[in-house]
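**Q** The structure follows.
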Amino acid sequence: QVQLVESGGGSVQSGESLRLSCAGSGITFAIYTMGWFRQAPRKQRELVARITSSGNTIYADSVKGRFTISRDNAKNTLYLQMNSLKPEDTAVYYCNRYGGWEPWGQGTQVTVSW
């Protein structure tokens with residue numbers, strides 16, 4: 001059974017950085033396009049970044065140039081480096097296969113204040 005566990009969230013001020021991690025079991029990240037998603041209060045979940053099996057990365061316009069997605073295949077872990085955080089980045093962040101095909105984890109809360 002696939003299990004995704006996100007961590008690394010927290011409360012920061014605008015302009016600061018956070019690094020999120022996602023550990024997976026029952027799934028091999030390396031063979032899939034993996035993504036980071038987020039859901040803000042009263043909004044739909046959205047894809048913010050994805051990384052293909054070959055390592056190509058694609059970002060939502062709202063995070064381009066500030067966020068970096070990466071993957072450690074040996075550790076079967078997905079990362080999201082978030083720099084220059086803004087209040088509008090406040091959300092619960094999740095990882096999953098691109099398309100959200102696996103059961104969702106509990107997510108990790110990111111709160112950015114002015």
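**Q** Do you know which of the residues in the stretch 1-41 that are in a loop (DSSP other than H, G, I, E, B) and under 16 Å from the mean Cα position of the chain (by Cα) is surrounded by the fewest Cβ atoms within 10 Å (Cβ to Cβ)?
**A** SER17
**Q** Quick one: ALA60 ticks every box in (1) among the aliphatic types (A, V, I, L, M); (2) in contact with an Asp or Glu (Cβ under 8 Å, 6 or more places away or on another chain); (3) buried (at least 19 other Cβ atoms within 10 Å of the Cβ) bar one, so which box is it?
**A** Among (1) among the aliphatic types (A, V, I, L, M); (2) in contact with an Asp or Glu (Cβ under 8 Å, 6 or more places away or on another chain); (3) buried (at least 19 other Cβ atoms within 10 Å of the Cβ), the lone unmet condition for ALA60 is (3).
**Q** Name the pairs whose Cβ atoms lie under 9 Å apart, with the first residue in the stretch 63-80 and under 18 Å from ARG97 (Cα atoms) and of a type in the set (S, T, N, Q), the second part of a loop (DSSP other than H, G, I, E, B) and open to solvent by less than 50 Å² (accessible area, probe 1.4 Å), and 6 or more positions between them or separate chains?
**A** Once the first residue is under 18 Å from ARG97 (Cα atoms) and of a type in the set (S, T, N, Q) and sits in the stretch 63-80, its partners that are part of a loop (DSSP other than H, G, I, E, B) and open to solvent by less than 50 Å² (accessible area, probe 1.4 Å) give SER70/GLY55; ASN76/ILE27.
**Q** Take SER70 and decide whether it is surrounded by fewer than 15 Cβ atoms within 10 Å (Cβ to Cβ), small (Gly, Ala, Ser) and part of a strand (DSSP E or B).
**A** Spelling it out, SER70 is indeed surrounded by fewer than 15 Cβ atoms within 10 Å (Cβ to Cβ), small (Gly, Ala, Ser) and part of a strand (DSSP E or B).
**Q** If you go through the stretch 42-57 one residue at a time, how many are within 11 Å of the chain's Cα centre (by Cα) and open to solvent by less than 70 Å² (accessible area, probe 1.4 Å)?
**A** Going through the stretch 42-57 one residue at a time, the tally reaches 5.
**Q** Could you go through the stretch 89-103 and let me know if any residue there is over 24 Å from GLN3 (Cα atoms) and in contact with a Phe, Trp or Tyr (Cβ under 9 Å, 6 or more places away or on another chain).
**A** Scanning the stretch 89-103, I find at least one residue that is over 24 Å from GLN3 (Cα atoms) and in contact with a Phe, Trp or Tyr (Cβ under 9 Å, 6 or more places away or on another chain), so the answer is yes.
**Q** Mind listing whichever residues of the stretch 71-92 are of a type in the set (Ser, Thr, Tyr) and either in contact with an Asp or Glu (Cβ under 6 Å, 6 or more places away or on another chain) or more than 23 Å from THR28 (Cα to Cα) (or both)?
**A** SER84, THR90
**Q** Right, another one. Within the stretch 83-102, which residues are in a loop (DSSP other than H, G, I, E, B), among the hydrophobic types (A, V, I, L, M, F, W, C) and over 16 Å from TYR59 (Cβ atoms)?
**A** If the condition is that a residue be in a loop (DSSP other than H, G, I, E, B), among the hydrophobic types (A, V, I, L, M, F, W, C) and over 16 Å from TYR59 (Cβ atoms), then TRP101 is the only one that fits.
**Q** Could you check GLN1 against (1) under 18 Å from TYR94 (Cβ atoms); (2) modelled with pLDDT of 95 or more and say which number it fails?
**A** (2)
The values are calculated or read from the model by the stated rules, or taken from the named source; none is laboratory data. This one's a predicted model, so the numbers in the text were calculated from it and none came from an experiment. Positions of Cβ are generated from backbone atoms using ideal geometry, with glycine treated the same way; all protein chains shown enter the neighbour counts. To get the accessible areas, we keep the full protein, side chains included, count just its heavy atoms, and leave off ligands, DNA and RNA. Shrake-Rupley method; radii C 1.70, N 1.55, O 1.52, S 1.80 Å.
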